[in-house]
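The values are calculated or read from the model by the stated rules, or taken from the named source; none is laboratory data. Computed from a predicted model, the values in this text were never measured in an experiment. A quick note on method: Cβ atoms are made from the backbone with ideal geometry, for glycine too, and the neighbour counts reach across all protein chains shown. Accessible surface is based on the protein model in full, side chains and every heavy atom, while ligands, DNA and RNA are left aside. Shrake-Rupley method; radii C 1.70, N 1.55, O 1.52, S 1.80 Å.
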Amino acid sequence: MAVTKIWKVRGNAGTVIDYADNPEKVAGYISNEDLEDVLGYADDDVKTESHAYTTAINCTREYAKEEFELVKELFAKEGGTVALHAYQSFEENISPREAHEIGVQMAKELWGDKFQVIVATHLNTDHVHNHFVINSVSFVDGKRFHTTNYSWLDMVRVSDRLCKEHGLSVIEKTQGKRIPYNLYMREKNGDPVRYNIARDAIDYAVKRSLNMEEFKAELRALGYSFQFDQNRKYWTVTVPGWERPIRTYRLGFEYTRDRIVERIYSNDESVRTNKYREAYYHRPNNYHMRRRIHRINTRTGLEKLYLRVCYEMGYLPKYRQDPLKVHYIFRDELLRCDTYGKEASLLSQNHISTIDELTKLKNDKANEIDDLMARRTELRKMAKRNIPEEQKEVLKDKITDLTDQIKRIRSDLKLIDDIAERSGILEEKIREVDRERNGKELIR
């Protein structure tokens, strides 16, 4: 099995000693003048057993630096990236000769028809590994070597094929699409997206179960559908509100089929008694106490709608979201919670209930911006006059205050436009939630 990587060699941020200490982390920052050091590091006597495992392709080993630079000068491309550096590390025990043979084959197949390459096999670590130094300019047509995702994928493809031909293992790849980058970043930041919500639900169900039937019942009570057949290679869960199922192993090691079963059957018997205790515990009926939802229902129109939306998503009375408790109809709105909170505040502060009142507020805000901008323009003209510096400083402070006011009003205008655009959608979602819960609509 071989691990591969490729990166650019450019810039100037350290000595070749630092580079040799950690080639994986600082190799991408060697200047053109230090190209000889890069080649020297790859062709180090100690690491390559006196050049026995160094091969030059389309150039000579002793004069590789000069020949690299000669090609750049020939095509007038001396600047920018000076070379590409790649490596191929073998996990298994393999002889240096065989590792070098695989490296040379890979270099010839990938780059040998257009680029000059030095291949050096290093023996100074626990794993035999190949280093490749590739000229950044082609000696055939003068085109630059542009690294993309495909550069590395081509290396993986050829390396795996050659390893198989030599009887070595390869890294098995999982099938299916990768998680989109925006979803990955949202999950990394802890935002409530589909995968995070599924993890929370599985964790909740696992903690309350002593066997698979109880686990399924807990997920079913949360509105999840699933495929947990023991004969299936992959288990799947479907988050309420989404049609596409998720293979549980994609959620992480703790959510693989075997690990879920192991977690369930390692629970203590107290899980069941605690669950029964919860089921038989009744809170006292404090009918005289008014809840937040009661106060929301005394409002009307848009103000009531947006307060109710914030309440449904856990933004009111305190910002304590629990995606498992949010109705699935609103889960795709969780990332807009802060915006809805600002819009609810805007509507409450201005006592807006209807679209007509919202339109009037927008016009008033627009007129206010026009007045502020006119005053700011006048102050700017005054500040350009020949007046004492103290007066100029006072004018500049006033201009800054006006600019801040204009920014706040423009922010309010954006919120007003968003309310006008999405209020109908949110109202329909509230009606759907009410119909599912109570069989009647509470928003009027």
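Residues satisfying the criterion are absent from the range 266-278 (criterion: modelled with pLDDT of 80 or more, in contact with an Asp or Glu (Cβ under 7 Å, 6 or more places away or on another chain) and open to solvent by less than 60 Å² (accessible area, probe 1.4 Å)).
Give, as residue ranges, the helices (runs of 4 or more DSSP H) completely inside the range 326-444 that count at least 1 residues that are within 27 Å of Asp200 (Cβ to Cβ) and either over 40 Å from the mean Cα position of the chain (by Cα) or at pLDDT below 90 (or both).
Working: elements: 337-350, 355-383, 389-438.
Those helices (runs of 4 or more DSSP H) span 337-350, 389-438.
Arg220 passes every criterion in (1) modelled with pLDDT of 75 or more; (2) part of a loop (DSSP other than H, G, I, E, B); (3) basic (Lys, Arg) apart from (2). Within the range 121-152, the residues that satisfy the criterion of being open to solvent by 80 Å² or more (accessible area, probe 1.4 Å) and either hydrophobic (A, V, I, L, M, F, W, C) or at pLDDT 80 or above (or both) are Val140, Lys143, Trp152.
Scanning the range 96-113 for residues that are assigned to a loop (DSSP other than H, G, I, E, B) and crowded, with 21+ Cβ neighbours inside 10 Å yields a total of 1. Filtering the range 60-80 to residues that are within 14 Å of Arg144 (Cα to Cα) and open to solvent by less than 70 Å² (accessible area, probe 1.4 Å) leaves Phe68, Glu69, Val71, Lys72, Phe75, Lys77, Gly79, Gly80.
Within the range 347-394, the set of residues being closer than 17 Å to Arg410 by Cβ and hydrophobic (A, V, I, L, M, F, W, C) comprises Leu358, Leu361, Ala366, Ile369, Leu372, Met373, Ala374.
The residues of the range 81-95 that are open to solvent by 40 Å² or more (accessible area, probe 1.4 Å) and over 31 Å from the mean Cα position of the chain (by Cα), listed by number, are Glu92, Asn93, Ser95.
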